[in-house]
Amino acid sequence: MRFHIVWILVCAGVRIWAQEGDVAEATRLSYLGSKQQTLGEYAGAERSFRRALHILEKLAGPSAEITAKAEQNLGDLYLELGRTDDAMPLLEHVLRVRRQIPGDHGIGLAEALDANGVLRILERRRGADGLFREALYTLASNGQLKTQAFSAALIHLACELGAQGRHREALPLAARAIELMEETTTATIGDRVSGLAILASIEAKAQPVSAETTIRRALSLSESSFGPDHPRTGWVLVTYARILGELHRAKEATPIRERADLILAGFKATQQSIAVDALSVR
């Protein structure tokens, strides 16, 4: 009898040890995927995120909070690549899970709302602004105003308002989002680059005199942080060329767009440029 009890305890200990090892491996893969995504190594990032998600789905189940985070990582990658068909089932499932987790009324829920709002922008569907506003309300209610999640939802709300032609309403929101990104330590360089590009797109409609200065800030930050041939730099150049076109400077826009096309073609980024076109103010 004592032998059986000891054996059960040993087996339980081995199982706990194995589970802890699985969580550690999923965490390592998630971190690796994030680094690969930052470097523009998208195929590697997708493999890492998919492996992490597979581990956690088996370990904790598809509706666990830890699994939802891994699922959002993969969905966010697909958003960046403009692969909305792949992103949609993941991000919609994450939002359903987040809404059902008791007490999850903070950053996790807000990030899921924001991602689903971006998904709607990319697919030209209605309702994105409502999701961004809910994300902002969720964070404000918890005193999480100076967070990356708040500034992201704010810049995306500004982007959607600009796409609706409400440029003067969008401009102060976008400007405030950039201020928050510069104040907080949690906003990434990528967040700031994307935010500046969106602000410049709005300025081109509402305050043209400032638009080129802002997009040049975005380009300089991207080139110095990611490199002149990184796809994120290519996306900024796409926006720069469009802004120059809107300012009736098509001749200057042509070489910039050609440079962007070369960068994005090198990364097989046809869908990526579509994503940037959709997120820029129309």
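The values are calculated or read from the model by the stated rules, or taken from the named source; none is laboratory data. All of these numbers come straight from a predicted model, not from anything done at the bench. Counting neighbours? That spans all protein chains shown, and the Cβs are built from the backbone with ideal geometry, glycine included.
Just to be sure, is PRO102 more than 15 Å from the chain's Cα centre (by Cα), under 24 Å from ALA68 (Cβ atoms) and in a loop (DSSP other than H, G, I, E, B)?
yes
Quick one: PRO62 ticks every box in (1) part of a helix (DSSP H, G or I); (2) touching a residue at least 24 places away in the same chain (Cβ under 8 Å) except a single one, so which number is it?
Going through (1) part of a helix (DSSP H, G or I); (2) touching a residue at least 24 places away in the same chain (Cβ under 8 Å) one by one, PRO62 breaks only (1).
One line per residue, one yes/no per condition, for (1) farther than 19 Å from LEU221 by Cα; (2) surrounded by fewer than 24 Cβ atoms within 10 Å (Cβ to Cβ); (3) among the polar types (S, T, N, Q); (4) outside the structural domain of ALA110 (by TED's automatic domain parsing):
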residue: GLN148; (1), (2), (3), (4): no, yes, yes, no
residue: LEU157; (1), (2), (3), (4): yes, no, no, no
residue: GLY162; (1), (2), (3), (4): yes, no, no, no
residue: PRO172; (1), (2), (3), (4): yes, yes, no, no
residue: ARG176; (1), (2), (3), (4): no, yes, no, no
residue: SER194; (1), (2), (3), (4): no, no, yes, yes
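So ARG28 fits all but one of (1) in a helix (DSSP H, G or I); (2) touching a helix residue (DSSP H, G or I) at 6+ places or on another chain (Cβ under 7 Å); (3) not assigned by TED's automatic domain parsing to the domain that holds ALA112; what number is the exception?
(2)
Hey, does the range 64-71 have a residue that's buried (at least 22 other Cβ atoms within 10 Å of the Cβ), polar (S, T, N, Q) and in the same structural domain as ALA112 (by TED's automatic domain parsing)?
Scanning the range 64-71 turns up at least one residue that is buried (at least 22 other Cβ atoms within 10 Å of the Cβ), polar (S, T, N, Q) and in the same structural domain as ALA112 (by TED's automatic domain parsing).
For LYS268, all conditions in the list (1) in a helix (DSSP H, G or I); (2) at pLDDT below 95 hold save one; what is the number of the exception?
The single condition LYS268 does not satisfy is (1).
Just to be sure before I move on: is GLY21 of a type in the set (Gly, Ala, Ser), modelled with pLDDT of 85 or more, farther than 30 Å from ASP229 by Cα and not assigned by TED's automatic domain parsing to the domain that holds THR233 in the structure I sent?
Judged against the criteria, GLY21 is not a match.
Test each condition in (1) in a helix (DSSP H, G or I); (2) in contact (Cβ under 8 Å) with a residue 40 or more places away in the chain; (3) over 25 Å from SER30 (Cα atoms) for ARG124 and report the one that comes out false.
(1)
When you go through GLY143, GLY165, GLY190 one by one, which is the residue that is part of a helix (DSSP H, G or I) and modelled with pLDDT under 95?
So the residue among GLY143, GLY165, GLY190 that is part of a helix (DSSP H, G or I) and modelled with pLDDT under 95 is GLY190.
Given the criteria among the small types (Gly, Ala, Ser) and surrounded by fewer than 24 Cβ atoms within 10 Å (Cβ to Cβ), does GLY143 qualify?
In short, yes.
Identify, from the list ALA128, ALA149, the residue that is at pLDDT 90 or above, of a type in the set (Gly, Ala, Ser), out of contact with any Pro (no Cβ under 6 Å at 6 or more places or on another chain) and closer than 22 Å to LYS205 by Cα.
Answer to the selection: ALA128.
Check THR233, THR188, THR239, THR184 and return the single one that is surrounded by fewer than 17 Cβ atoms within 10 Å (Cβ to Cβ) and closer than 26 Å to GLU41 by Cβ.
THR188
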